[in-house]
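Novice: Below are the structure tokens for one structure; questions will follow.
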Amino acid sequence: MNLDNNLDHLSVALDVVLQSVSLADICRRAVLAPGTNNVFRGAHILTLDVNGQLTSEAFFGAELPANHLELANTAIFSRKLEYQAETAENPALIAIPFIKNEIPEAVGILVLKPGAKRQYISDEIVPLISKVAGYHLDAKKNSKETTVQTFSGRSSIEEMSTRQVKVLEFMAEGLTNAEIARRLLLSESTVRQESVKIYRSLNTDNRQEAVAQGRALGLISKIQQAN
């Protein structure tokens, strides 16, 4: 499939979003879907919290470079695709805002393969991708209640390590992954990996759902009482 063709490109982007079952699945499909022609090495979704800070919710593949937040915030406020060319230190990046009812709610960041010289996604189709991704994100948030009702809390607590429980507590306090990493003396990558394990243990897709599940099960309240 030729990614230089807008219709082909739009079809690939919509398939990635609409065929996915979770935010993590969007990231996985963005990297592995045949239609993307191995252009991307990593995909990340960051959501805006109540303080207007971007927080990592899902990812797959290559990690984000340290300078990704400036690009992500630019995409949020410009409400359009932002491209950052490859440098000697960092890979090329694409940031696309997720928009619901004209309000940015998150941003997707794609890490391009080494040697990438262009953004690959045309500006003309970005508004549609942004709106579709925004509605998908909203739908996943609204599915939280069903997830809580169908999950067995006891087994999830037994499967979680002490460190994962502590990470969950900091999530409930609204800390970003970088802040959690500093508190626990871990790398930000390790915190992201622990977050994914927490989501799996609690049968959730992102930190909002995980915190809600932890509170519903009494896990977070138990932690706070212990402190």
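Novice: Name the residue, out of Glu70, Glu82, Glu57, Glu86, that is under 27 Å from Ala178 (Cβ atoms), at pLDDT 85 or above and crowded, with 16+ Cβ neighbours inside 10 Å.
Specialist: Step by step, each of Glu70, Glu82, Glu57, Glu86 is checked, and only Glu82 is under 27 Å from Ala178 (Cβ atoms), at pLDDT 85 or above and crowded, with 16+ Cβ neighbours inside 10 Å.
Novice: Cβ contacts < 7 Å: first residue more than 13 Å from Ser161 (Cβ to Cβ), restricted to region 186-207; second residue basic (Lys, Arg) and buried (at least 21 other Cβ atoms within 10 Å of the Cβ), any location; separation 6+ or different chain. Result?
Specialist: From residues that are more than 13 Å from Ser161 (Cβ to Cβ), the pairs are Asp205/Lys140.
Novice: Now for a different question. Looking at this structure, is Ile121 modelled with pLDDT of 90 or more, outside any strand (DSSP E or B) and more than 18 Å from Asp25 (Cα to Cα)?
Specialist: no
Novice: Of Ser221, Ser187, which residue is farther than 30 Å from Lys100 by Cα, exposed (fewer than 14 other Cβ atoms within 10 Å of the Cβ) and modelled with pLDDT of 85 or more?
Specialist: Exactly one residue qualifies, and that residue is Ser187.
Novice: Within region 194-208, restricting attention to residues that are in a helix (DSSP H, G or I) and β-branched (Val, Ile, Thr), which residue is farthest from the chain's Cα centre (by Cα)?
Specialist: That would be Ile198.
Novice: May I ask you to verify whether Glu145 is modelled with pLDDT of 75 or more, more than 30 Å from Ser11 (Cβ to Cβ) and surrounded by fewer than 19 Cβ atoms within 10 Å (Cβ to Cβ)? Explain how you work it out, then say what you get.
Specialist: On the way: modelled with pLDDT of 75 or more: no; more than 30 Å from Ser11 (Cβ to Cβ): yes; surrounded by fewer than 19 Cβ atoms within 10 Å (Cβ to Cβ): yes.
Against the criterion (modelled with pLDDT of 75 or more, more than 30 Å from Ser11 (Cβ to Cβ) and surrounded by fewer than 19 Cβ atoms within 10 Å (Cβ to Cβ)), Glu145 does not qualify.
The values are calculated or read from the model by the stated rules, or taken from the named source; none is laboratory data. Note that the coordinates shown come from a computational prediction; the quantities given were computed from them, not determined experimentally. So basically every Cβ, Gly included, is an ideal-geometry build from the backbone, and we count neighbours across all protein chains shown.
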